[in-house]
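Participant: Dropping a structure here in structure tokens format, bear with me for questions.
The values are calculated or read from the model by the stated rules, or taken from the named source; none is laboratory data. For clarity, every value in this text was computed on a predicted model and none was experimentally measured. Because the Cβ atoms are built from the backbone with ideal geometry, glycine has one as well, and the counts that use them run over all protein chains shown. For the accessible areas, the whole protein counts, side chains as well, though only heavy atoms, and no ligand, DNA or RNA atoms are used. Shrake-Rupley method; radii C 1.70, N 1.55, O 1.52, S 1.80 Å.
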Amino acid sequence: MIKIKNLSYTYGDGKQALKGINISFPVEHIFAIMGFSGSGKTTLLNCMSRFLKPQEGTIYWEDSDIFEMDEKTFRATFGVVFQSLNLFPHMTVLENMTLAPARLQGLSARKAKAAAIEMLERLGILELANHYPAQVSGGQAQRVAIARGLMLKPRLMLLDEPTSALDVRTTEDFSQWIRELKSDTNFIIVTHDLGFAKTAATRGIFMSEGEIIDSGNINDVLSHIKGR
Ligand SMILES: Nc1ncnc2c1ncn2[C@@H]1O[C@H](COP(=O)(O)OP(=O)(O)OP(=O)(O)O)[C@@H](O)[C@H]1O
Ligand SMILES: [Mg+2]
């Protein structure tokens, strides 16, 4: 379980993006983090993935402060896919996917390749294995970035707007796929797509101006949003 206690983050220009966040993410739930543009969703995800160091508050994974975990343990526990994906442009899809398992987990090239092929097959994008990122569509690149993140088998995967480049059918497949993967990896997903949130998540969080103003069962949170 992730537990966030009294978390505040202020950017260098004085903008306070998170104001004393308190929330727990039990692993048996898939969470959708929703909220208006600028409400602090990405900032929260960036603190949870250690890209931003909060000035106040603590984030715990089980009983450890995540900022005190060693890099290897942290990377094996938390995966993250940003809005901007960050695929390496000079590497094929397969090379993008096998880099971290080889470097961080010491997997042999052969084993890493076999694992990558299995993951691409599971996601229905095996035909992209030898393409470079510039040769795939936006929606395909999104799936490649997520597949790459899953190669390290993290306990928890943080996704920022994973469906922004997906069409309706691919979004539905993606919800299904997240539910199937849930026994190995739990997901916390920032999304504007309420339909996707409803089918993929079991719990919802709604943020406004750096605070969590609603959280609970996904259907309850969605009906509050629609009533706003
Ligand atoms: N690098 C930065 N420097 C200064 N202010 C920032 C920076 N990044 C974000 N902010 C500000 O912090 C607040 C929260 O931004 P954040 O990106 O977390 O919002 P968000 O909920 O993810 O929005 P969106 O839905 O548009 O992605 C906003 O007011 C934003 O302008
Ligand atoms: Mg954002």
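Participant: Could you work out the local net charge near THR58, counting Lys and Arg as +1, Asp and Glu as -1, over the other residues with Cβ closer than 15 Å to its Cβ?
Facilitator: After counting each charged neighbour, the total is -1.
Participant: I've got another one for you. Which order, highest average first, do 26-36, 65-75 follow once you tally other Cβ atoms within 10 Å for each residue and take the mean per peptide?
Facilitator: 26-36, 65-75
Participant: If you stretched the chain out fully between LEU194 and GLU71, how much longer would it get, using 0.36 nm times the residue separation minus the C-alpha to C-alpha distance?
Facilitator: 40.9 nm
Participant: Also, quick follow-up: Using unit Cβ charges (K, R positive; D, E negative) and no other charged atoms, how large, in debye to the nearest 20, is the dipole of the stretch 82-168 about its Cα centre?
Facilitator: So the dipole magnitude of the stretch 82-168 works out to roughly 460 debye.
Participant: Moving to a separate point now. In whole Å, what three semi-axes, largest first, describe the equivalent ellipsoid of the stretch 168-228 built from its Cα gyration tensor (square root of 5 times each eigenvalue)?
Facilitator: After scaling each eigenvalue by five and taking roots: 22, 13, 10 Å.
Participant: While we're here: Along the Cα→Cβ direction, 7 angstrom out, place labels at ARG228 and GLN55. What is the inter-label distance in nm?
Facilitator: Reported label-point gap for ARG228 and GLN55 is 2.6 nm.
Participant: So how strong a dipole does the stretch 73-228 carry about its Cα centre when Lys and Arg Cβ are +1 and Asp and Glu Cβ are -1, to the nearest 20 debye?
Facilitator: Here the size comes out at about 560 debye.
Participant: For PHE88 paired with THR202, estimate the spin-label separation in nm (one decimal), with each label point 7 Å from Cα along the Cα-to-Cβ line.
Facilitator: It works out to 3.7 nm between the two label points.
Participant: Same structure, new question: With point charges of +1 on the Cβ of Lys and Arg and -1 on the Cβ of Asp and Glu, referenced to the Cα centre of the chain, which listed residue (GLY227, LEU158, ASN96) lies farthest in the positive direction of the dipole?
Facilitator: ASN96
Participant: Determine the share of the chain's accessible area contributed by carbon and sulfur atoms, expressed in whole percent, with a 1.4 angstrom probe.
Facilitator: 49 percent
Participant: Please quote Rg/Rh for the chain to two decimal places, taking the Kirkwood radius as Rh and restricting both calculations to Cα atoms.
Facilitator: So for the chain, dividing Rg by the Kirkwood Rh gives 0.96.
Participant: Still on this model: If you add up the charges near VAL190, with Lys and Arg at +1 and Asp and Glu at -1, over every other residue whose beta carbon is less than 11 angstrom from its beta carbon, what do you get?
Facilitator: In short, -2.
Participant: Using a 10 Å cut-off on Cβ atoms, rank the peptides 125-134, 153-162 from the highest mean neighbour count down.
Facilitator: Highest to lowest by the protection proxy: 153-162, 125-134.
Participant: Moving to a separate point now. Excluding ALA145 itself, what net charge comes from residues whose Cβ is under 12 Å from its Cβ, given Lys and Arg +1 and Asp and Glu -1?
Facilitator: 0
Participant: Hey, how many Å between the Cα centroid of the stretch 37-53 and the Cα centroid of the stretch 191-228?
Facilitator: When both Cα centres are located, 17 Å separates them.
Participant: Can you tell me the relative contact order of the stretch 1-148? Whole percent, Cα pairs under 8 Å, sequence separation 6 or more.
Facilitator: For the stretch 1-148, the relative contact order is 20 percent.
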